[in-house]
1. Determine the per residue accessible area of region 179-308 with all protein chains present and a 1.4 angstrom probe, expressed in square angstrom.
2. Obtain the nm distance between the two label points defined at R248 and A127 by a simple spin-label model: each point lies 7 Å from its Cα along the Cα-to-C-beta direction.
3. What's the whole-number percent of alpha carbon pairs in region 1-146 lying beyond 21 angstrom?
4. Cα-based Rg (one decimal) and Dmax (whole number) for the chain, in Å?
5. What number comes out for accessible area per residue over region 79-164 if the probe is 1.4 Å? Units Å², please.
6. Given a 1.4 Å probe and every protein chain left where it sits, what share in percent of the accessible area of region 1-128 is carbon and sulfur?
7. Place a +1 charge on the Cβ of each Lys and Arg in the chain and a -1 charge on the Cβ of each Asp and Glu, then give the dipole magnitude about the Cα centre in debye, rounded to the nearest 20.
8. Which one of H228, C322, V270 has its Cα pushed farthest toward the positive end of the charge dipole of region 213-326, where Lys and Arg give +1 and Asp and Glu give -1 at the Cβ?
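The values are calculated or read from the model by the stated rules, or taken from the named source; none is laboratory data. Every value quoted in this text rests on a predicted model; they were computed, and no experiment measured them. Here the Cβ positions follow ideal geometry from the backbone for every residue, glycine too, while neighbour counts run over all protein chains shown. Surface accessibility is based on the protein's heavy atoms, side chains included, excluding ligands, DNA and RNA. Shrake-Rupley method; radii C 1.70, N 1.55, O 1.52, S 1.80 Å.
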Amino acid sequence: MTSFDVLIVGGGPAGATCAWALRRAGLDVLVRDRARFPREKPCAGWVTPGVFRMLELDPAEYSAGGRTCQAIRGFVVGREGGHAVQTRFPDVVSHGICRREFDAFLLERSGARVDSGRPVTSIHRDAAGWVLDERYRAPLLIGAGGHFCPVARVLGARPGSGEAAIIAQEVEYRLDPASAAVCPVDPELPELTFCRDLRGYGWCFRKGDVLNVGLGRWGASGERLGAHVAEFLSVLVRRGRIPGLPPRRMTGHAYVPARVTSRRLLDDGVMLVGDSAGTAYPESGEGIAPAIESALMAATAAIEAAGHYQSARLESYRRRICARFGKPARKLRVPAIALTPWLLPVAGLLLSQGWFSREIVMKRWFLHAMLPDFSERPWALESDGLHEREMVHH
Ligand SMILES: Cc1cc2nc3c(=O)[nH]c(=O)nc-3n(C[C@H](O)[C@H](O)[C@H](O)COP(=O)(O)OP(=O)(O)OC[C@H]3O[C@@H](n4cnc5c(N)ncnc54)[C@H](O)[C@@H]3O)c2cc1C
């Protein structure tokens, strides 16, 4: 049996970031992941600027190693069967990364010990703390294993049992030189096509010569998306946006966003972060930034708890999550215009208006331009009753 200060299940953005922050505070951390990195992860790979800020990472430094880091300066937004409008911003408003590269980079940078290549086989607790795989022991366990995280199951989550969720599928592939030359999608302007009922959107996103096409919408985990995705792809081909059907099958899964989730965030000696906790934004489905932010909040709570991990000592994590992402609601959340039935008939008109697409869809729902992120408010929000403090780097 090998002992650590913290065991983390899952080495995606949430687990790797939590490990990074805990390692910087001098803790001994093990990350367990069923996959060997670099690994694929179904994702469009769109990250908002807060991601790089929170990770204290310069996009130029990240891309210097030959990793994909596509600057995004605007969007093309429309609705199925309708016109699309282009919105450009003066600055870079987001980046496009490839998850295979990004996740492997973050995990390696974390400095944690990694045991990967097979799923976690057992999790239990005894008088001395948590025991993982009958092999590792620690007083604190972090669940960062995504939607189907085994630690979330220990806390009572039942993924796949019909909980309201975002269901999404994508395919990512490199265009051959001939296809790249004729593909009209501007890498700086990802294309978003809202579904007729506004309960989701399809995307066509080019990162250099890598094309990522997908569709995500509200549904129940376990629900099938196949017919909708097939129709979306055939429209893209017919309209000449992509040079033929993708060469690979679409992959995806469901995930439960913040404010919709009913998952328990913590218990004695255990916290959930990222998709395991359900932290994605319900309006856009963006999950990487909130996964990273929740991981930093959990690491903060752990460092403050100073080895005493009773749930009361970890409660500040829940308060921070609620202050930042809102309290869990019992109702399914959908984009605001879909909640207002009289707006549905005029939704096509609204989405074809430059100001609506720019101010509401992009700035408010997708870029969260009005909200400071963890890099600007590192430790706590005012409503938390806690004061912001400087991060202690060891
Ligand atoms: C099709 C699609 C497109 C998306 N596009 C975007 C986007 O463009 N931008 C964005 O911000 N978000 C996007 N998201 C959401 C985003 O991918 C997730 O919110 C994000 O990956 C959450 O990070 P995480 O670290 O919590 O979980 P994950 O990235 O899922 O990482 C979990 C890790 O846990 C490991 N694991 C799972 N089970 C076990 C086990 N039993 N034992 C050991 N290890 C285990 C997995 O191998 C994995 O490495 C998309 C999601 C989908 C499905």
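1. Accessible surface, normalised per residue, equals 34 Å².
2. 5.1 nm
3. Looking at region 1-146, the distances longer than 21 Å represent 52 percent of pairs.
4. For the chain, the Cα radius of gyration and maximum Cα-Cα distance read 20.7, 64 Å.
5. Per residue, region 79-164 has an accessible area of 46 Å².
6. 47 percent
7. Using only the charged Cβ atoms, the result is roughly 900 debye.
8. Of the options given, the answer is H228.
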